[in-house]
Every structure is written in C-alpha cells, then in structure tokens.
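Trainee: Dropping a structure here in structure tokens format, bear with me for questions.
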Amino acid sequence: MATDSTLVKLIILYAMDKMDVALEEDVLTDLCTSDNNWMNYMDCKDALAALEEVSFILKKTQQNKIIYSITHEGRMCLANFYTRIPFSQRDEIYTAIKNNRMKYRRRQEYLSDYYRNSDQTYTVHLRIMKPGCEGTLVELKMVVDSLETATYIYKNWQDRAGSVYSALCDNLLDC
C-alpha cells in the first residue's frame, strides 16, 4: 500500500489515465482503496484535493455527484513521472483496470432505483448515462406489482442494461 504522498498522487493519475473516462468520486476512491488496496482512504482523499488544487484533475458536480477527470496538465505530469511508480505496481494497476473497466463504468453509467407508489405498486427507475457522466442516454420507468419484482429489476440492471439498450435500438430503429 502506497503511503508516500507523491506516489499516491501518481497512482491516482495513472489509474485515471488507464480508465480513460471521467470517474465519480466513490468509484475512484473504491478503485484505489477498498477494491485494490493501493492506498488508504484518507491518503486518497488528500491526494484528490491536492491534485485538484494544482489543476492535474478537474472536479465537477453533476446530478449531485462529484466527477473527476484528468486534465492535460495531469497527463503531462504523469508522462514525466510515471516511472516513479514501481513497474510491478503499474502492471498491477493496468491489469486490475483492464479486467474491471466495464464493472466500474457500469457502476456509474447504469443507474437504478425504485420506490413505493401510493397504490402499493412500485416504480423502478432505470437509466443509462452517457459515458463520462454527461447526460442521460436512456431513461425508463417501470411500474411493477411487488417489492420482489422491483428489487430483482434493480439488482439486475447493471448486468443487463447493455442488452436492453441494444434490444431497444434494434426494435425501434429496425437494424
């Protein structure tokens, strides 16, 4: 686990560069901390603030979520200093991101929620966000009769949203 603040910052920049998409704050912190143990949570949060302060990352708020993206200056810094990350750790980061890129993207691009209606039915709210969290691509609301059905749809959305989107396009566009 990295504890040197410069190394922590470089790891974050490297991970963001390899993900190649803007990341929600919780996705980024989970990627670097609990999911892979590259650093501890507090070091990650401190590094994000420091990287933002020197304009190596850009912090935006969209739909009540904090989104980070690497800037040109951040990529230049990484290009000059990435060798300070040990090769074995760079390889570990690259492999982890390569193997889990879609899981992290689905987590922030395929959103689901449900709520109970006054008539005792449930509405399941499903969305596919545009890559980079720049708006909604598809939004569906389904009314179902039971909590079990609502939770089933809610839990399966991340795994099935892509095929649902493809089916919608195929049926609506006659592809």
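Trainee: Within 28 Å of residue 110 (Cα to Cα), of a type in the set (Asp, Glu) and either in contact with a helix residue (DSSP H, G or I) (Cβ under 8 Å, 6 or more places away or on another chain) or in contact (Cβ under 8 Å) with a residue 24 or more places away in the chain (or both): which single residue out of 17, 46 fits that description?
Mentor: One residue alone meets the criteria, 17.
Trainee: Next question, about the same structure. Of 61, 83, 33, 95, which residue is free of Cβ contacts under 8 Å to residues at least 12 places away in the same chain, of a type in the set (Val, Ile, Thr) and in contact with a strand residue (DSSP E or B) (Cβ under 9 Å, 6 or more places away or on another chain)? Outline the logic, then answer.
Mentor: Values: 83 fails: in contact with a strand residue (DSSP E or B) (Cβ under 9 Å, 6 or more places away or on another chain); 33 fails: in contact with a strand residue (DSSP E or B) (Cβ under 9 Å, 6 or more places away or on another chain); 95 fails: in contact with a strand residue (DSSP E or B) (Cβ under 9 Å, 6 or more places away or on another chain).
Just a single option satisfies the conditions, and that option is 61.
Trainee: Please note which strands (runs of 3 or more DSSP E) are completely contained in the range 101-175 and include at least 1 residues that are among the β-branched types (Val, Ile, Thr) and surrounded by 11 or more Cβ atoms within 10 Å (Cβ to Cβ).
Mentor: The qualifying strands (runs of 3 or more DSSP E) are 122-129, 136-144.
Yes or no, residue by residue, for (1) within 14 Å of residue 89 (Cα to Cα); (2) surrounded by fewer than 17 Cβ atoms within 10 Å (Cβ to Cβ); (3) small (Gly, Ala, Ser); (4) at pLDDT 95 or above:
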site	(1), (2), (3), (4)
5	no, yes, yes, no
13	yes, no, no, yes
23	no, no, no, no
41	no, yes, no, yes
48	no, no, no, yes
60	no, yes, no, no
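Trainee: Let me ask something else about it. Give the residues of the range 12-30 that are more than 14 Å from residue 103 (Cβ to Cβ), assigned to a loop (DSSP other than H, G, I, E, B) and in contact with a Phe, Trp or Tyr (Cβ under 9 Å, 6 or more places away or on another chain), sorted by residue number.
Mentor: Passing the criteria: only 22.
Trainee: Output the number of the condition that residue 73 fails; it satisfies all remaining conditions of (1) farther than 28 Å from residue 129 by Cα; (2) assigned to a helix (DSSP H, G or I).
Mentor: Checking residue 73 against (1) farther than 28 Å from residue 129 by Cα; (2) assigned to a helix (DSSP H, G or I), the one that fails is (1).
Trainee: Restricting attention to the range 31-54, which residues are part of a loop (DSSP other than H, G, I, E, B) and more than 16 Å from the chain's Cα centre (by Cα)?
Mentor: Residues satisfying the conditions are 37, 38, 39, 40, 54.
Trainee: Regarding residue 90, is this residue of a type in the set (Lys, Arg) and more than 29 Å from residue 48 (Cα to Cα)?
Mentor: no
The values are calculated or read from the model by the stated rules, or taken from the named source; none is laboratory data. All figures in this text were calculated on a predicted structure; none of them were measured in a lab. When we count neighbours, we look across all protein chains shown, and the Cβ atoms used for this are built from the backbone with ideal geometry, even at glycine.
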